[in-house]
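Encoded as structure tokens, the structure appears first; notes follow it.
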Amino acid sequence: MMTKFNWPILASFVGLVAILVNCPESSFGGDRTEAAAPDTDGDGLPDFHEIHKYRTDPKKNDTAADGVSDGDRQQRREFAYSVRAVLRVMPPYNIQAMSDDYQDVRVLSETKEYVELETVVYPFNSNSEIQANPSWKRDYAGMLEYLTPGITTNWDEEMRKDLLRELRMDGIDPNKLTDKEVVEQVSRWLFKRSQYRYMFCTFYVGFADGKPQVLPGLEQAFEREKGDPQWTVQQEFEHELFGKSMFNNKTYGTCTSTAVLQATVLRALGIPTRIILCIPLADGSDTAQVEMLDGLTNHRVRCDAALGALSGGSSFASHTFCEVFVGGRWQRLNFTTLGQNVLERNYLGLMVHVHTFRDLSEANLAATWGTRYAKGKRDAVFPHSNPYRLLEVSDHFGKYAKLPNPPVETEHKRVTIERVYWPESPNASPEVLKMPGGAEEGGGRVFIHGQEWFENAGDYLQYKLFMRRADKNFVLRAKDRPEVACRVSMSFYTHASRNLRELEVVIPAAEYAKLAKTVAYTLHPLNGKKGYEWKVQDGLTIVRD
């Protein structure tokens, strides 16, 4: 994910290239290795997609027997659950590769500044049923496009020998394993062997005549995001950009760097590998886009898509990772997860695939995405943090689909406030004291502590989603005193093992002036939004000293 989080998740780009090809209805995968995929019933849909994506019968042209071919764009949605989104995306992107095992994409309009895409995503597919191929070395030997070294995936024979030697020392012999076993075992070994260091310079690097260079005007951003401020530009390249030197140095950076290292190692072993870029369904820095997701009717998708979008906060958010050719088709490899699905709350929520490239030097992202991020550019086309924008979204339960829709057990519908206190309180945690204040000058702030908590739903996002959906307005009341209005600010700190579930409530200056000293006030939520409720334990009061 290229979200600017404190964990490896990111991407990379250079140039200004847009592929102006409108993907035909029957185009899937965009790769010659799958171009001859069987289509038994001749409806234009590969058998694999009928079985695993659309849930139609690959032996029947008209599964519903209603006179409409399964190949019809709407008809294929009637046997599964799908999400339709219209997205605006800044170039570069790879139209030919966007329609894949997880989504169908077609171009609605295109300009020099962006493309508008209709994307239909099938999150409840069965693509994780991966077949292993014991004859992979022989069968994949001709896929040279995805095996030979690139400018950044620059393995050579010397590296390959060192790699095989180290693997043998650790009990891994690729010659005795299936392709699936090689990918899974070597990936686990690689990340155990290597050290992650936060560095995010790949988005500022262009390539001219096969050589990387920091794009003019992005030097300050490059220096700011280096893994070590003392490194030269070349040393940064050797720790984050070039696969061979990352292997030798046993280091890697955020997700784009990770994908380059992983692709380099797997290609050196003979596993065809390429790199893809995905974005979330909505730009999490835009409240209006995130609120559009509330209209989704599948409870799990609505929850995970919103959590994934919100996880980026106001940051630059996307995710770059690998695809490997395993079991005779391209499979997604996200760090050590082979068969990564699109619905994943920890990785963008609902991932939309927008770019595929063989080598980072061919991705062409620095002049657009990278420059925009480095310089903080905003405009009418992309007014928020990211170079993509959700314009429409809806979901569809196919009339022939048999898919349950249970409520999400880890989605808060009520939060009980069991403590309210000033940040200067002797019992306030150090983390609360360090939180930047959201109150205006002359105003005040208090903190509330929530009671409900789902142990297996993460430390960070579960309260954030509730806070965004619930009414944020409260009042403080005391006998014979005017009400004091206050509001949840979305600034919070949660840490389950330390029992920290602290949320900031800000009091505007004009309201704070009404707050009488030495008087006990009680807190009352307005709860103006149906379905999401704050509750306050009896007896809670707060006093302004």
**Answer from T264, T320, T336 - the residue that is modelled with pLDDT of 95 or more and surrounded by fewer than 19 Cβ atoms within 10 Å (Cβ to Cβ)** = T336
**Message:** Among the residues of region 369-378, are any farther than 30 Å from E78 by Cβ and out of contact with any helix residue (DSSP H, G or I) (no Cβ under 9 Å at 6 or more places or on another chain)?
**Reply:** yes
**Request:** Only residues that are in contact with a helix residue (DSSP H, G or I) (Cβ under 7 Å, 6 or more places away or on another chain) and either on the phi > 0 side of the Ramachandran plot or not in a helix (DSSP H, G or I) (or both): list them for region 157-172, please.
**Result:** D170, I172
**Matching residues, region 496-529, being under 34 Å from the mean Cα position of the chain (by Cα) and without any contact (Cβ under 8 Å) to a residue 24 or more places away in the chain** = S497, N499
**Prompt:** Does V432 fit the bill of being part of a helix (DSSP H, G or I) and of a type in the set (A, V, I, L, M)?
**Reply:** yes
**Request:** For E392, indicate whether it is more than 23 Å from S315 (Cα to Cα) and either assigned by TED's automatic domain parsing to the domain that holds W453 or acidic (D, E) (or both).
**Result:** no
**Prompt:** Counting only residues that are among the acidic types (D, E) and in contact (Cβ under 8 Å) with a residue 60 or more places away in the chain, which one in region 422-464 is farthest from E502 (Cα to Cα)?
**Reply:** E441
**Asked** Taking the stated definitions as given, is A520 more than 21 Å from E431 (Cβ to Cβ) and either at pLDDT 90 or above or among the hydrophobic types (A, V, I, L, M, F, W, C) (or both)?
**Response** yes
**Asked** Are there any pairs, at least 6 apart or on different chains, whose C-beta atoms fall under 8 Å, with the first in region 159-186 and surrounded by fewer than 14 Cβ atoms within 10 Å (Cβ to Cβ) and the second hydrophobic (A, V, I, L, M, F, W, C) and at pLDDT 95 or above, and if so, which?
**Response** D170/W189; D173/L167
**Asked** of a type in the set (D, E), part of a loop (DSSP other than H, G, I, E, B) and modelled with pLDDT of 95 or more - does that describe any residue in region 114-132?
**Response** no
**Request:** Only residues that are buried (at least 20 other Cβ atoms within 10 Å of the Cβ), touching an Asp or Glu at 6+ places or on another chain (Cβ under 9 Å) and at pLDDT 95 or above: list them for region 339-370, please.
**Result:** L343, L350, M351, H353, T356
**Message:** I'd like the residue in region 400-421 that is of a type outside the set (K, R) and not in a loop (DSSP other than H, G, I, E, B) and, out of all such residues, is farthest from K530 (Cα to Cα).
**Reply:** Y421
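Any idea how many residues of region 189-211 are more than 21 Å from S361 (Cβ to Cβ), charged (D, E, K, R) and not in a helix (DSSP H, G or I)? So that I can check it myself, show each step before the final result.
At the first step, the residues of region 189-211 found to be more than 21 Å from S361 (Cβ to Cβ) are 189-198.
Keeping just the survivors that are charged (D, E, K, R) gives 192-193, 197.
Keeping just the survivors that are not in a helix (DSSP H, G or I) gives 197.
Count: 1.
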**Prompt:** Looking at P216, is it without any contact (Cβ under 8 Å) to a residue 60 or more places away in the chain, within 20 Å of A367 (Cβ to Cβ) and assigned to a loop (DSSP other than H, G, I, E, B)?
**Reply:** yes
**Conditions (1) in contact with a Gly (Cβ under 9 Å, 6 or more places away or on another chain); (2) charged (D, E, K, R); (3) under 18 Å from P387 (Cβ atoms); number of the one not met by D286** = (1)
**Prompt:** Can you tell me which residues in region 229-243 are touching a residue at least 24 places away in the same chain (Cβ under 8 Å) and assigned to a loop (DSSP other than H, G, I, E, B)?
**Reply:** L241, F242
**Asked** Could we say that A374 is surrounded by fewer than 22 Cβ atoms within 10 Å (Cβ to Cβ), among the hydrophobic types (A, V, I, L, M, F, W, C) and more than 25 Å from N127 (Cβ to Cβ) here?
**Response** yes
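Listed here are the residues, each with its yes/no results for (1) in contact with a Gly (Cβ under 8 Å, 6 or more places away or on another chain); (2) β-branched (V, I, T).
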site	(1), (2)
Y54	no, no
D57	no, no
E78	yes, no
T119	no, yes
D139	yes, no
**Criterion (touching a Phe, Trp or Tyr at 6+ places or on another chain (Cβ under 8 Å), polar (S, T, N, Q), farther than 27 Å from T256 by Cα and modelled with pLDDT of 95 or more) met by exactly one of S82, S109, S135** = S82
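The values are calculated or read from the model by the stated rules, or taken from the named source; none is laboratory data. Computed from a predicted model, the values in this text were never measured in an experiment. Please note: Cβ atoms are built from the backbone with ideal geometry, for glycine as well, and neighbour counts cover all protein chains shown.
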